[in-house]
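Peer 1: Right, I'll just put the structure down here and ask away after.
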Amino acid sequence: MKTIASLVGIFFAVIILGAILSFCVASLLFYSTNLVVGETVERMSWEQMASLFFVCGGVATIATTPFLVAHSIRYPHNGFARIITYTILTALAWLVIIPACLVVSQKFESIDLLKAKHPVLTTNYFRPNDGTLYYYTTVNSQTMTVNGVSFTLNDIDSATDSSKLLENGPQFQASIQPFSDVLVYDTLQISKFMEVVIPAFILSKQQAQDTFSKGFFPWLVFASWGLAAYATIGLRRLFQWRLLNFCTILLVFIGICILNLFYSLGWNGNLFDLITLPQWLLNCIIAAVCSCLGILLAIFRKDPNTEHVE
């Protein structure tokens with residue numbers, strides 16, 4: 001009973017704390033992408049905040065798997081009760097909680113974290129772009145034209161002709177997606193990895209909503225992601241060291257998430273131009289390999305994790 005209670009407690013604690021943490025991160029991302037220096041910050045409405053929170057709750061639910069497996073490695077006794085509880089919680093996550101988060105989030109006004117508004121840049125700030133420094137004295141928000149001056153940065157110390165007056169000219173266009181202001185972009189640059197991962201999560205959320213709206217069986221195809229993640233518990237006996245076992249499971253779990261996110265970005269499952277695997281089939285193969293390996297380890301190897309338990 002203690003094993004069951006602790007697993008259930010960890011499960012819901014990760015969902016609640018993970019939802020709060022990811023909501024804070026997503027909110028910072030929203031405000032950063034829509035911030036223009038010198039302009040009033042655009043705020044999320046209560047409905048947008050509610051929608052975003054439930055989406056974050058779904059993301060946090062996906063992340064429960066490695067925490068439950070870590071508990072299984074740390075407290076390896078009561079194996080039958082542990083695996084039954086782990087199975088029930090995983091099914092609850094992918095068949096109840098995540099779909100519920102998707103349904104509830106759609107009842108509120110949604111928010112696009114990466115859709116930066118077309119900025120009307122503010123005056124009295126120096127902004128660099130492509131080797132040129134711009135300073136606007138007036139900006140016409142209707143015609144999107146500006147008055148001011150620009151400086152060529154590599155010639156700024158050489159002669160006065162490095163400057164150029166701007167009279168009713170267009171404001172400069174910078175490739176700074178997903179940000180609205182080049183000053184914010186230069187201060188809070190997102191790494192190339194995150195530029196891929198964040199849109200992938202957003203597209204994956206949209207894919208999940210579209211799939212769930214089609215019915216239960218299409219959702220099961222998408223939920224094969226959860227099946228592959230569930231099966232990583234089969235690797236808990238792989239090495240003699242508990243930390244190494246957990247790190248291996250964590251890396252495999254992250255790899256599974258990345259593969260499924262690639263599908264959301266449009267990858268068709270082509271492997272080395274040899275074979276094309278649909279998302280559900282690849283997840284089932286990963287689950288089968290991890291499960292078979294776990295069964296073989298359970299039969300032929302004593303659980304090394306029990307040797308560290310007093």
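Peer 1: Provide a single number: the residues in region 291-303 that are within 15 Å of ILE73 (Cβ to Cβ) and in a helix (DSSP H, G or I).
Peer 2: Kept after step one, since they are within 15 Å of ILE73 (Cβ to Cβ), are these residues of region 291-303: 294, 297-298, 301-303.
Okay, now just the ones that are also in a helix (DSSP H, G or I), so 294, 297-298.
The qualifying residues number 3.
Peer 1: Could you tell me whether GLU42 is of a type in the set (Asp, Glu) and in contact with an Asp or Glu (Cβ under 7 Å, 6 or more places away or on another chain)? Talk me through it step by step, then tell me what you get.
Peer 2: Details: of a type in the set (Asp, Glu): yes; in contact with an Asp or Glu (Cβ under 7 Å, 6 or more places away or on another chain): no.
So GLU42 does not fit the description; no.
Peer 1: Given GLY226, GLY234, which one is open to solvent by less than 20 Å² (accessible area, probe 1.4 Å) and touching a Gly at 6+ places or on another chain (Cβ under 7 Å)?
Peer 2: Working: GLY226 fails: touching a Gly at 6+ places or on another chain (Cβ under 7 Å).
Unique residue meeting the criteria: GLY234.
Peer 1: Residue by residue through region 1-47, note down the ones that are free of Cβ contacts under 8 Å to residues at least 60 places away in the same chain and polar (S, T, N, Q).
Peer 2: Residues satisfying the conditions are SER22, SER27, THR40.
Peer 1: Give the number of residues within region 29-51 that are of a type in the set (Gly, Ala, Ser), open to solvent by less than 40 Å² (accessible area, probe 1.4 Å) and more than 23 Å from the chain's Cα centre (by Cα).
Peer 2: Qualifying residue count for the region: 0.
Peer 1: Now for a separate question. Out of curiosity, is ASN270 over 15 Å from ALA63 (Cβ atoms), of a type in the set (S, T, N, Q) and surrounded by 14 or more Cβ atoms within 10 Å (Cβ to Cβ)?
Peer 2: Answer is no for this residue.
Peer 1: So which residues in region 1-51 are among the polar types (S, T, N, Q) and in a helix (DSSP H, G or I), if there are any at all?
Peer 2: Residues of region 1-51 among the polar types (S, T, N, Q): 3, 6, 22, 27, 32-34, 40, 45, 48, 51.
Matches in region 1-51: THR3, SER6, SER22, SER27, SER32, THR33, ASN34, GLN48, SER51.
Peer 1: Right, another one. Answer yes if at least one residue in region 257-265 is open to solvent by 20 Å² or more (accessible area, probe 1.4 Å) and over 19 Å from the mean Cα position of the chain (by Cα), and no otherwise.
Peer 2: No.
The values are calculated or read from the model by the stated rules, or taken from the named source; none is laboratory data. Because the structure is a prediction, the values reported are computed rather than measured. Every residue, glycine as well, gets a Cβ built from its backbone with ideal geometry; the counts of neighbours run over all protein chains shown. The accessibility values were calculated without ligands, DNA or RNA, using every heavy atom of the protein model including side chains. Shrake-Rupley method; radii C 1.70, N 1.55, O 1.52, S 1.80 Å.
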